[in-house]
Amino acid sequence: MRVLFTAVPIHGHLLPVLPLAEAAAAAGDEVAVAVPASMGHLVDGLAVHPTGPDAAELLAENDRRTGGADMADMRDVFPVASFFAGTRVDLTFDAALARAREFGAEVIVADEYDAVGAMVAAALGVPLVRHAVGLPVSPPALGPAMEDLLTPRYAERRLARAGRFALVDPWPAALHGPRWSPPADRLPVQPRAYAGTAPAELPSFGGPPRRARVLVTLGTVLLDAAMLDALVDSVAALDDVDVLANVAPGTARTLADTRPNVRFVGFVPIAQLLAAGVSVVVAAGGAGTVLAALGRGIPMVLWPKGAEKPMNAERVAAAGAGIVVDEPARAADAVREILHDASYRAGAERVAEQLRAAPHPARVWSALRERLRTSAAATVTGS
């Protein structure tokens, strides 16, 4: 079976789908990943089909279309909807469809925000598998705003929507809302934090031994150096912690810092950062960071900004696995509370237990493949 994996060209959208792609390849299926050439290095050991502009080009064009509106301010969801369902579709769909036809794709696996992958599945008439990235609680207005942009684009191409064949979901029950019930087509999967292909050199700290280490990261989407610095400044004021601060790719911020308990690093895979003795993660609440930290039982301090991050943060707090702050100055007090109150680590460990108990991607692909085989057989029988 030829399976094409597609994702919005952002680390936090591509990386979560790769474990399933690797499982499909290991099972003997022919797998390709459609991403911009600039992201090909993230796809280790799988065929890459260079497709469409990268995020920087898409964001620049989206800024031109929307007047440079702030995509982190979700009081107006149009700029974000435009990026996913307008700009990226217009600049990527034709190339993606051509690549899919050349490959002979029989199944499309697309991240949940990937409108291009869904449109390609519709054009080819093949099953569409969705891979969840965040919780199913995006800002309520985002879905309708995306639909408003997608409807005329489907009509222009005379395409009917492809129904979802299945949903692969890495979020555990502990982080879903109290009224959540799993959809019938849901396949839970164990998430895997991105580890990269080679070990990175992390800086050492020269302070007293056994100081708590705090990771401050905004993930790979928020390129806000001022926001990162504000969080680092707050936490670094504590006299009993070392601060490891991760600067996202493309962020205009030097790595130099003179404080003895602060070290800035460039892009390092999240799994390697967390393995460096981290006791608390201070972050913006992106899906990949949340699942990676809690998957290791590490509690969090979250100052959520943009998209679904406030909802992610709310669920982390509800699970007793972290504290949400409304300004960076409060981060230090929150870190201190977590370090001195074992209940937060216990809450994070409860989430970790559910994540570890979820099916491995290999099992999920086996179940999904059987569903696809049965569905194809039923279609042939009924025709």
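The values are calculated or read from the model by the stated rules, or taken from the named source; none is laboratory data. As the structure is a prediction and not an experimental result, all values here were calculated from the model. Cβ: placed from backbone, ideal geometry, glycine included. Neighbour counts: every protein chain shown. When the accessible area is computed, the model is the full protein with side chains, heavy atoms only, and any ligands, DNA or RNA have been set aside. Shrake-Rupley method; radii C 1.70, N 1.55, O 1.52, S 1.80 Å.
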task = Calculate how steeply helix 225-236 sits against the longest principal axis of the alpha-carbon atoms of the chain, using the helix alpha-carbon long axis, and give the answer as 0 to 90 degrees to the nearest 10.
result = 40 degrees
remark   = What helix-only [θ] at 222 nm does the chain give? Using -39500 (n - 2.57) per DSSP H run of at least 4, over all residues, to the nearest 500, the answer is -12500 deg cm²/dmol
query = Of the beta bridges DSSP finds with both residues in the chain, what % are antiparallel, to the nearest 5?
reply = 0 percent
request  = Add +1 for every Lys or Arg and -1 for every Asp or Glu among the other residues with Cβ under 11 Å from the Cβ of Glu112, and state the total.
outcome  = -2
inquiry  = Compute the distance from the alpha-carbon center of the range 326-383 to that of the range 50-103, in whole Å.
reply    = 28 Å
The range 209-286, dipole about Cα centre (Lys/Arg Cβ +1, Asp/Glu Cβ -1), debye to the nearest 20 = 220 debye
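State in Å² the accessible area per residue of the range 259-370; use a 1.4 Å probe, count heavy atoms of protein chains only, and round to the nearest integer.
38 Å²
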message = Relative contact order of the range 88-243, please, whole-number percent, based on alpha carbon pairs below 8 angstrom and at least 6 residues apart.
response = 16 percent
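Charges at C-beta only: +1 for Lys and Arg, -1 for Asp and Glu. How large is the resulting dipole of the range 1-156 about its Cα centre, in Debye rounded to 20?
160 debye
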task = Calculate how steeply helix 342-357 sits against the longest principal axis of the alpha-carbon atoms of the chain, using the helix alpha-carbon long axis, and give the answer as 0 to 90 degrees to the nearest 10.
result = 20 degrees
query = Whole-Hz Karplus ³J(HN,Hα) for the range 63-68, in order, using 6.51 cos²θ - 1.76 cosθ + 1.60 and θ = phi - 60°, x for Gly and Pro?
reply = 4, 4, 6, 9, x, x
remark   = The equivalent-ellipsoid semi-axes of the range 1-66, taken as the square roots of five times the Cα gyration tensor eigenvalues and listed largest first in whole Å, are 26, 10, 9
request  = Compute the relative contact order of the range 189-270 as a whole-number percentage, counting only Cα pairs closer than 8 Å that sit 6 or more residues apart in sequence.
outcome  = 34 percent
query = Size of the range 71-149 along its principal axes in angstrom, Cα-based, largest extent first?
reply = 41, 24, 18
inquiry  = Connecting C-alpha atoms closer than 10 Å in a GNM of the chain, tell me which of Gly266, Gly28, Gly320 has the biggest fluctuation.
reply    = Gly28
task = Considering Cα pairs under 8 angstrom that are at least six residues apart, work out the relative contact order of the range 20-106 and quote it in whole percent.
result = 25 percent
key: Long-range HN-HN contacts of Ala162 with modeled amide H, under 5 Å   = Ala122
ask   = How far, in degrees from 0 to 90, does helix 331-340 lean away from the longest principal axis of the Cα atoms of the chain, to the nearest 10?
value = 80 degrees
task = Over the chain, with every protein chain in place, what whole percent of the accessible area is carbon and sulfur at 1.4 Å, could you tell me?
result = 53 percent
note = Cα gyration tensor of the range 268-331 diagonalised, 5x eigenvalues square-rooted, in angstrom largest first, produces semi-axes 18, 12, 11
query = Dividing the convex hull volume of the alpha carbon atoms of the range 46-90 by its residue count, what do you get in Å³ per residue?
reply = 85 Å³
inquiry  = Using Cα springs under 10 Å in a Gaussian network model of the chain, which residue among Arg186, Arg158, Arg350 shows the largest mean-square fluctuation?
reply    = Arg158
